[in-house]
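Colleague: Structure incoming, see below.
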Amino acid sequence: MTISNTKAAQLFYELRNLNIDKFTIAGAISLRSFVEAVVEIYCSSHSILTKHTSGKNAGKTFSLGEKVEAVLQHLSSALTKQELTAARASLTGKDSVISVARLHEYVHNPAMFPSKNDLIGAWSGVEAFFKAACK
C-alpha cells in the first residue's frame, strides 16, 4: 500500500513490522493511531466537514467514529458495496474487535485486551478502505 503522508506511512510500516505475538496491545493502540491519522488526513485533504453544524452539538468537532463515517460516505463510490459494508462493520460495528470504540477501549480500559488473531483477522475488512483513503 502506498501512503504519501509521512506519519501515516511510518505508522503503517511499524504496524507491519510489529511482532504481534509479543506486542498485541501495542498493535491495537498503533492501529487506532493509524485509523485516526488516515481519517484526519483524508478529511483535511478532501475538505470534509468535521464539525457539527446544527443541533445541541453545533460547533463541536466530530468524534473519531463520526469522522470515520464521514470518510466512508465520501469513499462510497471508490469502494465496492461489499468493501464498504465490510469497512463500516469493522470500523463502526458495536461488536467489531477493531471498531473505533473497541480500539479506544484497548487504550483506556485496563481490563480490555485485544486478541492477536482478532486483530489480524479483522484487517481483511478494512484493507480496501485504507487503500482507497490513502490514494
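The values are calculated or read from the model by the stated rules, or taken from the named source; none is laboratory data. Here the structure is a predicted model, which is why all the values come from computation and not from measurement. Positions of Cβ are backbone-derived with ideal geometry, glycine not excepted, and every protein chain shown enters the neighbour counts.
Colleague: Quick check on VAL35: is it of a type in the set (Val, Ile, Thr) and closer than 28 Å to PRO110 by Cβ?
Modeller: Yes: the conditions hold for VAL35.
Colleague: Can you tell me which of ALA122, ALA78, ALA70, ALA133 is touching a Phe, Trp or Tyr at 6+ places or on another chain (Cβ under 6 Å), surrounded by 12 or more Cβ atoms within 10 Å (Cβ to Cβ) and among the small types (Gly, Ala, Ser)?
Modeller: ALA133
Colleague: Same structure, new question: Within segment 1-41, how many residues are of a type outside the set (A, V, I, L, M), in contact (Cβ under 8 Å) with a residue 12 or more places away in the chain and farther than 16 Å from ALA101 by Cα?
Modeller: 9
Colleague: Restricting attention to segment 101-118, and to residues there that are of a type in the set (A, V, I, L, M, F, W, C) and either closer than 21 Å to PHE23 by Cβ or over 13 Å from the mean Cα position of the chain (by Cα) (or both), which single residue is surrounded by the fewest Cβ atoms within 10 Å (Cβ to Cβ)?
Modeller: Going through the qualifying residues, I end up with ALA111.
Colleague: If I ask for residues that are of a type in the set (Lys, Arg) and free of Cβ contacts under 8 Å to residues at least 24 places away in the same chain, which ones from segment 83-126 would you list?
Modeller: ARG88, LYS94, ARG102
Colleague: Among the numbered conditions (1) among the polar types (S, T, N, Q); (2) more than 18 Å from CYS134 (Cα to Cα); (3) at pLDDT 95 or above, tell me where THR80 comes up short.
Modeller: THR80 satisfies all of (1) among the polar types (S, T, N, Q); (2) more than 18 Å from CYS134 (Cα to Cα); (3) at pLDDT 95 or above except (2).
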